[in-house]
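**Q** My questions all concern the structure below.
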Amino acid sequence: MSEEIYPYKVLFVEDEEIIRENYTTYLKMLFKEVYEAKDGEIALKLYKEKKPDIMIIDIHLPKLNGIELLKKIRENDHSTKAIMLTAHTDKTFLLDAAALKLTKYLVKPISRKELKDALNESIEELSNYDILPIKKINLKDNYIWNTELQELKNNSKLIELTSKEKKLLTILLSRKDKVFSYDEIFDYFWREEESFTLNSLKNLVKRLRKKLPEDTIINQFNEGYKIKF
């Protein structure tokens, strides 16, 4: 990211004052308008008033946590970009977070480079990506993925999926035409599972492919996976 002022509005939500002040100062060097909030309720109010393009949200917030805050926003808005700040112990939150169409989640403590890279991705999405605002995604051969219920059906028949299969399907269907790198998939779901390897991911993809129409999951050689729909 070059050191220019981008014409976007950013809302930074963090309850730790020093962190919030430091990063708000940094963000003001990069963006036209920057707002800050110390808890989820203030953040929701500011979101409604200011309509930010990008939100950076800590999961653990007073009054309304980051997941609940984003759930409220996603009831009507699937285009505002969201970067979630989390801790290693937040693994139980990650499936919920994936369903909320995050641009990125970052494990604290975060470096400026990590934040900058995530902001770069948000800016690219604002320019290029079509974020799907729909609750049901139609795949080939009458397969339907319900993003709220996290259910896969074919001609109204429920297809049984494991929790990991649901997680993988959720991220691959969260953004149209995006190739998710192996590292992105690892970071989303298995950061704490040292035993989870590239071979484990390939085996998971192989199992999930058997439950989907042919050629739904596409492997971009040496890059990652995407879903064709």
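**Q** What are the residues whose amide H is under 5 Å from the amide H of Thr147, where those residues sit 5 or more places off or on another chain and H is modelled from the backbone?
**A** Lys136, Ile137
**Q** Could you work out the relative contact order of the chain? I mean the mean sequence separation of Cα pairs under 8 Å and 6+ apart, divided by the number of residues, in percent.
**A** 14 percent
**Q** How large a share of the accessible area of the chain, in percent, is made up of carbon and sulfur atoms when the probe is 1.4 Å and the other protein chains stay in place? Before the final figure, lay out each step's value.
**A** Details: 5490 of 11820 Å².
Percent of accessible area from carbon and sulfur atoms in the chain: 46.
**Q** With +1 on the Cβ of every Lys and Arg and -1 on the Cβ of every Asp and Glu, and nothing else charged, how large is the dipole of the chain about its Cα centre, in debye rounded to the nearest 20?
**A** That gives a dipole near 940 debye.
**Q** Multiplying the sequence separation of Asn22 and Asn222 by 0.36 nm and subtracting their Cα-Cα distance, what value in nm do you get? Let's see the in-between values first.
**A** Values: separation 200, 0.36 × 200 = 72.00 nm, distance 3.73 nm.
So the extension gain works out to 68.3 nm.
**Q** Quick one: order Glu36, Glu14 from most to least accessible surface, probe 1.4 Å. Mind showing how you got there, number by number?
**A** Working: Glu36 75, Glu14 0 Å².
Largest accessible area first, the residues go Glu36, Glu14.
**Q** Right, next: Around Lys140, with a cut-off of 10 angstrom between Cβ atoms, what is the net charge of the other residues, counting Lys and Arg +1 and Asp and Glu -1? Intermediate values should be presented prior to the final figure.
**A** Details: positive: Lys228; negative: Asp141, Glu214, Asp215.
Taking every other residue near Lys140 into account, the sum is -2.
**Q** Here's something else I'd like to know. Stick to the Cα atoms of the chain, pair each with every other, and give me the Kirkwood hydrodynamic radius in Å at one decimal. Spell out each step's value before the answer.
**A** On the way: mean 1/r = 0.0542 Å⁻¹.
Kirkwood hydrodynamic radius for the chain: 18.4 Å.
**Q** Which one, Leu119, Ile144, Asn219, projects farthest toward the positive side of the charge dipole computed for the chain from Cβ point charges (K/R +1, D/E -1)?
**A** Going by the charge dipole, the pick is Ile144.
**Q** Something else now. Rounded to the nearest 500 deg cm²/dmol, what is the calculated helix-only ellipticity per residue at 222 nm for the chain, with -39500 (n - 2.57) per DSSP H run of length n ≥ 4? It would help to have the intermediate numbers written out before the result.
**A** On the way: 8 runs with 85 residues, N = 229.
Taken over the chain, the calculation gives -11000 deg cm²/dmol.
The values are calculated or read from the model by the stated rules, or taken from the named source; none is laboratory data. Just so it is clear, the model here is predicted, and its values are computed rather than measured. Glycine gets a Cβ as well: all are built from the backbone with ideal geometry, and neighbour counts include every protein chain shown. Quick note on the areas: whole protein, heavy atoms, side chains included, nothing else; ligands and nucleic acids left out. Shrake-Rupley method; radii C 1.70, N 1.55, O 1.52, S 1.80 Å.
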